[in-house]
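**Student:** What follows is a single structure, and I will ask about it in a moment.
The values are calculated or read from the model by the stated rules, or taken from the named source; none is laboratory data. Fair warning: this is a prediction, and the values are worked out from it, not measured in the lab. FYI the Cβ positions are ideal-geometry reconstructions off the backbone, even for glycines, and counts take in every protein chain you see.
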């Protein structure tokens with residue numbers, strides 16, 4: 001055989017290899033996801049990982065009997081000829097520097113075309129800085145620090161509402177509740193962890209309390225991941241507030257509740273800023289001691305009577321993971337669906353095309369499992385159609401209690417003292 005023949009065979013093999021690689025690339029859209037899969041918030045991270053995997057499975061393989069859910073027909077992304085979603089996971093361990101390092105690894109080594117994450121606001125801040133530098137779209141489904149969408153970033157998008165709205169909701173609720181019950185609910189104290197999220201919440205509460213006519217008698221900020229909160233709770237008890245507003249991740253939320261009971265601290269109400277108080281482990285660990293806490297939320301199963309998608313998709317989640325969605329996991333599920341919608345409309349895995357599609361997003365509330373008007377981003381990347389609710393734990397379940405127009409039950413107020421439960 002001639003050398004020309006061997007050269008032809010070699011070129012043909014190279015072409016076949018290139019075509020095979022191109023075809024494989026077309027069949028797979030790599031999306032990086034950064035969450036706390038180990039560490040103090042590992043259980044929260046596990047719930048959000050489950051939600052991501054369910055969303056990807058629906059997009060890739062379908063969800064029979066839920067025609068109103070986008071991509072429920074399965075078969076991948078039709079705008080990319082059926083390309084399948086491939087999730088590439090990274091564990092930030094609750095550490096902002098690790099989050100930044102993992103974002104860089106996902107972009108430079110794993111070649112992801114977009115990133116979803118990262119729950120902790122301080123980790124979202126550093127990881128999204130990396131994505132901004134590399135010009136990779138970063139969609140944040142859960143972090144609520146208002147400053148995240150005040151940085152002038154071009155590649156950052158957030159689907160959830162933020163703490164400016166959530167904390168204002170607390171004060172709106174208290175004023176409405178006072179009028180409804182004919183009572184005074186103050187004075188107020190706050191206790192918050194000291195990362196970006198808790199620190200910003202503290203500043204906002206300090207501004208909004210007097211502006212709304214409430215007396216703020218004590219503010220406590222404690223180190224995140226504290227192993228004891230005895231002195232902080234003693235200070236709270238000495239200040240004798242009727243209402244405690246609290247921002248804590250899971251480990252701190254559990255520790256504080258146990259310390260409240262040990263020291264006999266029993267305010268009229270704890271108004272929790274979601275996070276650890278909405279984690280499945282919160283009720284599972286505390287049992288009856290979790291009852292009566294009110295938490296701000298973005299999702300509740302009892303809203304399914306107004307939006308059938310909530311129950312339909314929750315049933316899928318429960319059948320697979322033996323647990324209901326939480327506000328955290330429901331937002332994470334929604335975040336990936338929004339990202340997939342943008343990539344599908346872009347008809348491309350080019351980051352700039354995806355960014356433009358995200359900026360043009362306009363999803364109606366009827367296509368979401370969230371009780372929102374929809375998803376539509378402003379120039380800062382903030383979803384302007386998101387909203388919040390308040391839920392109260394009663395008999396080990398979360399019940400919507402505000403806005404009063406959608407409440408599933410009346411509020412138990414005040415909380416019974418520990419020795420009267």
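**Student:** Is one or more of the residues making up the stretch 91-104 at pLDDT below 95 and buried (at least 24 other Cβ atoms within 10 Å of the Cβ)?
**Tutor:** Checked the stretch 91-104: at least one residue is at pLDDT below 95 and buried (at least 24 other Cβ atoms within 10 Å of the Cβ).
**Student:** Next question. What tally of residues in the stretch 406-421 results from selecting those that are within 16 Å of residue 185 (Cα to Cα) and in contact with a helix residue (DSSP H, G or I) (Cβ under 9 Å, 6 or more places away or on another chain)?
**Tutor:** Result for the stretch 406-421: 2.
**Student:** Before we move on, is residue 348 more than 25 Å from residue 50 (Cβ to Cβ), in contact with a helix residue (DSSP H, G or I) (Cβ under 6 Å, 6 or more places away or on another chain) and in a loop (DSSP other than H, G, I, E, B)? Outline the logic, then answer.
**Tutor:** Numbers: more than 25 Å from residue 50 (Cβ to Cβ): yes; in contact with a helix residue (DSSP H, G or I) (Cβ under 6 Å, 6 or more places away or on another chain): no; in a loop (DSSP other than H, G, I, E, B): yes.
Taking the combined requirement at face value, the residue does not satisfy it.
**Student:** Looking at the stretch 38-62 only, could you name the residues that are over 13 Å from residue 333 (Cα atoms) and within 16 Å of the chain's Cα centre (by Cα)? Give the derivation first.
**Tutor:** Narrowing the stretch 38-62 to residues over 13 Å from residue 333 (Cα atoms): 38-44, 60-62.
Across the stretch 38-62, the qualifying residues are 41, 42, 43, 44.
**Student:** Considering only the stretch 119-149, how many residues are over 21 Å from residue 372 (Cα atoms) and modelled with pLDDT under 95?
**Tutor:** Going through the stretch 119-149 one residue at a time, the tally reaches 4.
Residue-by-condition table, conditions (1) farther than 26 Å from residue 313 by Cα; (2) outside the structural domain of residue 309 (by TED's automatic domain parsing); (3) surrounded by fewer than 19 Cβ atoms within 10 Å (Cβ to Cβ); (4) modelled with pLDDT of 85 or more:
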residue: 17; (1), (2), (3), (4): yes, no, yes, no
residue: 21; (1), (2), (3), (4): yes, no, yes, no
residue: 28; (1), (2), (3), (4): no, no, yes, yes
residue: 41; (1), (2), (3), (4): no, no, no, yes
residue: 53; (1), (2), (3), (4): no, no, yes, yes
residue: 58; (1), (2), (3), (4): no, no, no, yes
residue: 67; (1), (2), (3), (4): no, no, yes, yes
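**Student:** State the number of residues belonging to the stretch 40-67 that are assigned to a loop (DSSP other than H, G, I, E, B) and touching a helix residue (DSSP H, G or I) at 6+ places or on another chain (Cβ under 9 Å). Walk me through it before giving the result.
**Tutor:** The initial filter retains those residues of the stretch 40-67 that are assigned to a loop (DSSP other than H, G, I, E, B), namely 40-41, 62-67.
The next check asks that each one be touching a helix residue (DSSP H, G or I) at 6+ places or on another chain (Cβ under 9 Å); those that pass are 40-41, 63, 65-66.
Going through the stretch 40-67 one residue at a time, the tally reaches 5.
**Student:** Looking at the stretch 248-265, is at least one residue within 20 Å of residue 291 (Cβ to Cβ), free of Cβ contacts under 8 Å to residues at least 40 places away in the same chain, touching a helix residue (DSSP H, G or I) at 6+ places or on another chain (Cβ under 8 Å) and surrounded by 22 or more Cβ atoms within 10 Å (Cβ to Cβ)?
**Tutor:** Yes - at least one qualifying residue is present in the stretch 248-265.
**Student:** Do we find that residue 327 is buried (at least 24 other Cβ atoms within 10 Å of the Cβ), within 25 Å of residue 301 (Cβ to Cβ), assigned by TED's automatic domain parsing to the domain that holds residue 48 and modelled with pLDDT under 95 in this structure?
**Tutor:** For residue 327, the condition - buried (at least 24 other Cβ atoms within 10 Å of the Cβ), within 25 Å of residue 301 (Cβ to Cβ), assigned by TED's automatic domain parsing to the domain that holds residue 48 and modelled with pLDDT under 95 - is met.
**Student:** For residues that are over 26 Å from residue 147 (Cα atoms) and assigned to a loop (DSSP other than H, G, I, E, B), tally how many sit in the stretch 233-250.
**Tutor:** Number satisfying all stated conditions: 3.
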